[in-house]
Each structure stands twice: as structure tokens, then as C-alpha cells.
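The values are calculated or read from the model by the stated rules, or taken from the named source; none is laboratory data. If you're wondering where the values come from, they're calculated on a predicted model, not measured in any experiment. Don't worry about glycine lacking a Cβ; one is built from the backbone with ideal geometry, like all the others, and counts go over all protein chains shown. The area values use the complete protein model at the heavy-atom level, side chains included, leaving out ligands, DNA and RNA. Shrake-Rupley method; radii C 1.70, N 1.55, O 1.52, S 1.80 Å.
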Amino acid sequence: MTATLGDIAAQIDAQLQGDPATGITGVASLHRAAPGELSFYTNKRYAADLAATRAGAVVLAAADAPDCPVASLIVADPYLAYTRAAAFLHPPAPFTPGIHPCAVIGVGTAIDADCLVGANTVIGDNVSIGAGTYIGPGCVIEAGARVGAQCRLHPGVVLMARVEIGARVLLHPGVVLGADGFGLANDAGRWLKIPQRGSVSVGDDVEIGANTTIDRGALDNTVIEAGVKIDNQVQVGHNVRIGEHTAIAGAAVIAGSVTIGRRCMIGGASAIAGHIDIADDVVIAGMSGVSNSIREAGVYASGIPITDQKTWRKNMARFRNLDALARKIFRLEKLVE
Amino acid sequence: MTATLGDIAAQIDAQLQGDPATGITGVASLHRAAPGELSFYTNKRYAADLAATRAGAVVLAAADAPDCPVASLIVADPYLAYTRAAAFLHPPAPFTPGIHPCAVIGVGTAIDADCLVGANTVIGDNVSIGAGTYIGPGCVIEAGARVGAQCRLHPGVVLMARVEIGARVLLHPGVVLGADGFGLANDAGRWLKIPQRGSVSVGDDVEIGANTTIDRGALDNTVIEAGVKIDNQVQVGHNVRIGEHTAIAGAAVIAGSVTIGRRCMIGGASAIAGHIDIADDVVIAGMSGVSNSIREAGVYASGIPITDQKTWRKNMARFRNLDALARKIFRLEKLVE
Amino acid sequence: MTATLGDIAAQIDAQLQGDPATGITGVASLHRAAPGELSFYTNKRYAADLAATRAGAVVLAAADAPDCPVASLIVADPYLAYTRAAAFLHPPAPFTPGIHPCAVIGVGTAIDADCLVGANTVIGDNVSIGAGTYIGPGCVIEAGARVGAQCRLHPGVVLMARVEIGARVLLHPGVVLGADGFGLANDAGRWLKIPQRGSVSVGDDVEIGANTTIDRGALDNTVIEAGVKIDNQVQVGHNVRIGEHTAIAGAAVIAGSVTIGRRCMIGGASAIAGHIDIADDVVIAGMSGVSNSIREAGVYASGIPITDQKTWRKNMARFRNLDALARKIFRLEKLVE
């Protein structure tokens, strides 16, 4: 869409230094933006880009406005204000409602008239799809699932039987919700499968990244609360509960029966062992391993950063004997004192 | 299905304390179970739930029977007995056989009359599908693949050319069997692809989780033996062999040409380097890295658990100098002695 | 195809010891190869297999030719020469061009006459597909995407809107290119989504493994340069740039805004934190964590290999107090000196 700088200033509550009638058609990076585009500036690292920008306007803090060669939109939190402006300029692409003739729809399934169902999508029996929801091509939604209003399911999403998702949920390609949890009992060396009778319940305003998997509960539901944001290739085991507004970065692994609090941030490539409880407002750094419950808000880490391989080899040799080294220290202490 | 407590007691070889005529329709957790549902109790942590349960009956050990306010099914191993009862009460959902009119079936492909092939599934030429097998919507099975009897392929499974799976194999959504292994030769800085001529062979009673990938062998087959259970998002490289009844938890990474023995348990988010051999009955803890072969049964680990970030930073600074610290200790030892 | 040993020797520039008229139909491992098959030998570990082989010929180094009981193809780099021979004997399977009647093609989309589009594949509006490209069944290509010549998209690949891929690109099943990057701004405890306006640009001769995901850029494109090879289940965040001829092994995790140089090798199950720069010719060992930029070519590592669990427990207890142990050492040094 096209908006004027005046519209945008009003939308993001900014002080405008420039012509409010200037037309803006979208956002772009400082070094690429054309005169009809909006950019933002938050990091001194890009000072040269700011000085040279041809953008129509830049969202920035008051202190940086003197360095801006074009119109300024001055705000307290430029990153947040830019996000609002970008969302205003680039709403989700509109679509023409309708059910593609190559979609297959089950019996007793209710799809609102203003929905889109893409080609080769298969929807089972007794499913309900809320108003304004977009379901891309090649999805499969099994019997009894419920999808809220104004959701977007991108191509190739799979919702297994009885999965429930709220309103305004965004699912990226390859997401699988409601596959069986990994529940097994050992019978004299052979594994018996434990039927997975629960489902998955996803709250409003949740976003789930490409190829992420969330298993159905064994007895009760796996629960993703409202406002949770999950990146790509995250694995969430059965019986997990993730609290409101928690964000989980790419390739994190959440084992079964974990409870994560509200407003947590779980770093990429981290792993949380089964049956762990994590309090509200906990931050786990990327590539960390969590094997005990965390009772207090705070930042936690365990990842080991790289060194050159030669140093690593030497340190590893010592690490394997760390307990023996510690005992040497204690013995020396006694000898010396 | 509905069964009586008498039926269930006979099925799981339990001593029943209660009315054998009581009807049971399914399983539920202790705190949710209704009078027509079966639950189980194995962990003192849930003693309050047991005391308050309204379940129709509880599977438990003899020592706990006095604390059970409802009918008891007394067994030596309550978890295993519960699993058997749950499997008895909740067999895989029955289906009406048939090939959906929107499925596409190749030439020379043999599909038993009691199979189901879902909408928009594409099956290539010269494929064979065994009796009683269920193939969900949106699957692709390439030419020459062989699927055994009574398998379940959930939506969106891909079997590449010539992949062979045994009987009663359960594949969850997004599983890919038989993509090319990562075989490359370096030619003066450029990578040449090595044709991957083997396939994947999966034994009977194997279960493979959502979005897990198992690559075809370079020359011979990648082999998953009978009874192996693999969780979601596991990566298995080419030429791997996994022994009978081994279980692999979520997001584990098995590099190429690894051999894993029988009855192993590979923890979630662990990684095994290429060309490693692992003996029978090895347990690898979650988030461990295996870079040398393991010749003896036992439990192995290497994951580093989190601390608060401040402690982590201090410890990391020391860790980077671990070899130097060790040398200091040895020097001190000499000085003191 | 069938070739003579003479053809193959010419193709790979080998010195042939044997009958140039011998017919060869394919490649096989030393212990399985039949007289009409070609094998290779590079590792003394397989000396017994070489001695017993029934292969039609073996590609090997001059020093090993005396031990070869069958015809020899003598070269300086047997692995590379074997790769060339295998590629010569096993070119990608030919296909009969055509658009399957169950494919769905958008308006304004241009597909060359010698392409194949498989059953139930959905291609949006204004897409262009280059000459000789094969698109398997069950793919989805969204509006405005561009696919080069002689590509192979295996079943279930998803290309989101405006994604561009070069010539001879090979995409394995379940690959998702161009899903939204994980861009969020925090607004008083709630997450606002930042529109992801860039796309993904993939160069010529790139191979991407099964279920790998590469996100679209926030403003500019995520870029995968020519000749890059990526294994299965790799996650590549938004705004990443990967340099020419870099190889990335399975389940590696590359966070957003990372730049990786040319000819790097990134080990399996490794993770690179956001906004990191990595120089050309860097090798990262498997299961390593990279949290700072790497300015110099070389080999880097941080993974901790397993020990038996008892040793691991003791070492971990010491590790948690590593800073305190180091302080003890420094104090002892002062006392002793």
C-alpha cells in the first residue's frame, strides 16, 4: 500500500521532521532504500549508510536525527516503531476467497465463505475453519481439527486429528502438529507403543516456523499458549506446555513433559531434557543444555564456544581428567598449608 | 472400544480388586479420568491424584493398592501393563479400504484390496503395497518401492525410489526415506556429487517420527533393523546400520557410515560422528557428542548443563585456558614435592 | 548405461591395466561388485575386500595396483576419479517431459517444453521454469518464483513467493526455501512480527538436503552462492550469505545475518550464532558452537566428546566450579613462590 509520511507518523506516534505529504510504498534497508521507501537506524555500525541514504524517511532516535540527510521519524524505540510502520505498510497479502476445485473436503466440515483453501489441500471430516483463514496448497488437515479465524497455513502444513489452533495463528511450510509423542514401554527388550490419546492445543497469535514438529499429548493435550513464537525446525515433545509470549529460536529441542513459563526466550540449538520445569522470564542462551528445572528468572547458558583445533585438543585432554586435576589441587593445598 | 475390567485384567494378567463387569472405554490421566476410564500410577509424585481419582480403575503395584480409592488392577510392572491395556482399548483407528479418486497410481504397481490410499497421494511405477496398509493423503512413493503389510504412512511421507519397508511400520508426517546421502568429492575447490546408488531398508515393527530423514546408501543400503523406534527430526546419514530394538530420541544426528548395535538408547539432541561403531546395549545421554567408537555396553555422556550466565562466563574463560591451568598444577606439584 | 573400461579410463584419465573392451554397467562396493561392475580402493582397512573382489575393475593408486586381483584403473586421486566414473556411469535418470494432468499451473507461468512437472504439484502465477528442469510430485512453487535450467526438485519441495534458484540446482524432499525469517520486536512483553520482505537467492550447482529450511531475508535476500552443498535438516536463518563452494553437514544451525566465506566446511550438528562473520576456508568441526566471528582460515572446534557417565558426572561437578579451581591454583602459586 501507499501511505504518506504524515499517516505513518500518526500510526507510530512519531515526531516527523519532513514533508508529511511524501508518499511511501514500503520498507528497505538504508543502503538500498529509494526515495519512496522507509528505513530505520538503531546501530552506529550503520552510520555511513545513514549518511548516504536516499530513503524517503528514516525511523530513528532523537539523538540521531541531526545525522539524517532525509526526513526523520523520531521515536523513543526505533526498532519497535519501525516494526509497526512495516506491518502497517505491508499487511499480509490479501487473497480471493474460495475453495480450489482440486482441494478435497470431508463430510461435516465447515469452512467460512471468506476462507481460501488451496489446490491439492485435503481436509478431513468434521473440521471447522474460522472466518478469513487462508490455507495454502498441499496441506492436510485431519478429522476433527479446529482452526480459528484469520489464520494462515502455508503450503504443506499437516494438522493431525483433533488438533485445535486459535485465531491469527501463522504456520509455515512443513509444520506438523499432532503427530504421536515418543511413548514406549520396554517389554523384555522390545518396545511397545503407548497410544497417544491427547492432542495439541495452540492459542491465539502463535507463529510456528517451517518444518517444526509439535507432538500430541499421551493423555492430556500438548499446549502452546497465546502469543508464543517458535522458529524453524524446533521439536516439541508430548505433554509439553509453553507459556504465553515465550519465543523459541531455531532447532531448539524440547523433550516430553517439559513446562516452560511465560515470556521466556529459548536460544537456538538448545535442548531441554524431559520433565523439566522452567519459570517465567527465563532466558536460555543458544546451544545450551538444560537438565534440571530452573526456578528463578534470569539468564542461563552452557554452550562451549570454539577455539582453534590445536587448543581444543589440548583442553579436551585436560577436561577428560578434570576430576583428577581438581584432586591434585586439593592435595597441593593441604601440602602447602 | 468398550471392554470390561474383567477383560482387561485377563489381557494384562492383573489381579483385579473391583467389579469385573465395570465397563471401560479408554484411558486418561488420574486427575482427569471419568468412572468409565482406566488410569495408572507409578510415581509417588502423583499420590494426591491417586487419592482423588474418579477413574474406573487404576493399574498399579500391589504396594500401592491400599491407597487406591477405586478398583485396582495389580501387576508387577504397572507402566508396561498400562501400555498393554491402552493398546488393547485403543487399537489403531480402523479405516475403509479404497484408493481415493484423487490418488495417482503408476503402472505395474500392486496395491492389496484392503489397503487405503489417501487423496492426492502419488505412487510411482512398479511399487508393491502389502495387505492392510494405510497410506494417508499427500504422500509420494517413488518407483520400485516396497511397503509391507499393515503399515501406516501418515500424511506427507516421501519414500524415494526402491526404498523397502517391512511389515507394521509406522511413519509419521514428513518422514523422508531414501533421499541422496551427502557424498561429495573435492575437485580443486569444487564439489563433485557422488551418485548414491544404494537404498534404504527398514525392518518390521519400526516407528519413525515426524520430519525424520534417512538417506539412501552410497553403494549398499542404509539399514534400519526390526523393532527400531526413532523420534521426530532425527537425521540418519547414508550407509548407517541401526540394530534391532534400538531407540533414538528427538533431533539426534547420526552421521554417515555409523553402525549402532542392538537395544541401544540414543538420547535426544545427541550427535554421532561419521564411521563410528557403537556396541549393543549402549546408552547415550541426551545432548552428547560421540566422536570415537564405543566397544562396551554402558552409559555414556558429554552434555554440559547450564549455570547462570555469570558463572558460565567465568568458567568459560578458565576453560579456554584449561591446558595452561593443568600445566600450572604440574609445575606446582614439582615445586612442592 | 554400459561403457567399456577403455571409455572409463579415457573419461577419468586413468592408466588401465586390463582389457579395454570389458563392459561395465555400474558401480558397487568391493565386496559386492560383480564382474560387470566398477569399484574403488582408497583405505588399507579394506585390503581383504580388495584381495577377494570380483569387480570388473578397481580404481586405485599405483602403489596398490599389485594387490588388485582384477583390472586396475590407476590414478593419482582414486576417490575423485571414482566419483567421476560413477557420475559418468550413473547420470541423473532421464525423464519424459510433460506436465502431469493433476498438476496445477498458475497464470503467466512459463514452463519450458522439455520440463517435467509431477502429479499434484502446484505452481503459482508468474513463475518461470528453465529448460530441462524436473519438478517431482507434490511440490509447491509460489507466485513469482524463478527456477533455472536443468534443476531437480524432488517430491514435496516448497519454494515460497519470489524465491530464485539458478541452474543445475538439486533440492531434496521437504526442502523449504523462503519461509519468513524469525523477526520479532518486543512491545511490552508481546511479540510483534516484522514483515519479511526479502527473498532467497540460490546460485548455480547448489544441492540442498531433505527437510532443510532457508528463510527469506527481512529486507534484502538471503543468498546461497554457486556450488554450495547443504546436507539434510540444516536451518539457515534470514539475511545469511553463504560463499561459493562451502559445504554444510547435516543438522547444522546457522542463525540470522551470518556471513560464511567461500570453501568453508561446517560440521554436522554445529551451530553458528547470529550476526557472525566467518572467513574463507574455515573448517568448523562437528557439534561445535560458534559465538564469535572467525577472521582467519583454519580448523576450529568446541564439541565435548563422551566419557562413561560416572567420569562425566565427576568432571561436570568440577567444571561447575572451574573458576574457583583456577583461583585456588593462582593462590597456591603465590604461596609457593
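Tabulated data for the structure shown
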{"read-out": "Peptide ranges A:290-296, B:81-87 listed from the most packed, as the mean C-beta count within 10 angstrom indicates", "value": "B:81-87, A:290-296"}
{"read-out": "Solvent-accessible heavy-atom area per residue, rounded to whole Å², over the protein assembly as shown at 1.4 Å", "value": "37 Å²"}
{"read-out": "Tensor-based shape of region B:1-93 (alpha-carbon gyration tensor, a/c under 1.5 rounded, otherwise prolate or oblate)", "value": "rounded"}
{"read-out": "Inter-copy label distances at B:Ala324 (7 Å, Cα→Cβ; nm, one decimal)", "value": "2.4, 2.4"}
{"read-out": "Interface area, C with B, accessible, probe 1.4 Å, both sides summed, Å² nearest 100", "value": "5700 Å²"}
{"read-out": "Other-copy label distances relative to B:His90, 7 angstrom Cα-Cβ extension, nm", "value": "4.2, 4.3"}
{"read-out": "Too-long pairs where the Cα-Cα distance tops 31 Å, listed order kept, from A:Lys229/C:Lys314; A:Lys328/B:Lys314; A:Lys229/B:Lys310; A:Lys44/C:Lys328; A:Lys229/A:Lys314; A:Lys328/C:Lys310", "value": "A:Lys229/C:Lys314; A:Lys44/C:Lys328; A:Lys229/A:Lys314"}
{"read-out": "Euclidean distance of C-alpha centroids, region B:161-176 and region A:270-309, integer Å", "value": "35 Å"}
{"read-out": "All-pairs Cα distance distribution in the protein assembly as shown, expressed in whole percent, bin size 20 Å", "value": "13, 42, 34, 10, 0"}
{"read-out": "Cα gyration tensor, region B:48-145 - rounded (a/c under 1.5), prolate or oblate", "value": "prolate"}
{"read-out": "Expected 222 nm ellipticity per residue - DSSP helices of 4 or more, -39500 (n - 2.57), all of chain B, to 500", "value": "-4500 deg cm²/dmol"}
{"read-out": "Other protein chain Cβ atoms within 10 Å, averaged over every residue that makes up C:132-141", "value": "5"}
{"read-out": "Listing of region C:179-203 residues, each with accessible area lower by at least 50 Å² in the full protein assembly than in the chain alone (probe 1.4 Å)", "value": "C:Phe182, C:Trp191, C:Lys193, C:Ile194, C:Pro195, C:Arg197"}
{"read-out": "Qualifying aspartates and glutamates (Cα of each under 13 Å from Cα of A:Lys193; at least 8 residues distant if same chain)", "value": "A:Asp180, B:Asp205, B:Glu207, B:Asp231"}
{"read-out": "Long-range tail of P(r) for region B:134-187 (Cα pairs > 13 Å, %)", "value": "59 percent"}
{"read-out": "Inter-copy label distances at B:Glu296 (7 Å, Cα→Cβ; nm, one decimal)", "value": "4.1, 4.1"}
{"read-out": "Value of Rg/Rh across region A:7-51 [Cα atoms, Kirkwood radius]", "value": "0.97"}
{"read-out": "Debye-sum result for region B:186-337 in log10 I(q)/I(0), which assumes one identical scatterer on each alpha carbon, at q = 0.11, 0.13, 0.15 Å⁻¹", "value": "-0.56, -0.70, -0.82"}
{"read-out": "Base-10 log of normalised Debye intensity for chain B (one unit scatterer per alpha-carbon) at q = 0.16 Å⁻¹", "value": "-1.23"}
{"read-out": "Overall Cα dimensions of region A:111-200 - principal axes, largest extent first, Å", "value": "55, 21, 19"}
{"read-out": "Centroid-to-centroid separation of region B:55-112 and region A:64-101 [C-alpha atoms, Å]", "value": "51 Å"}
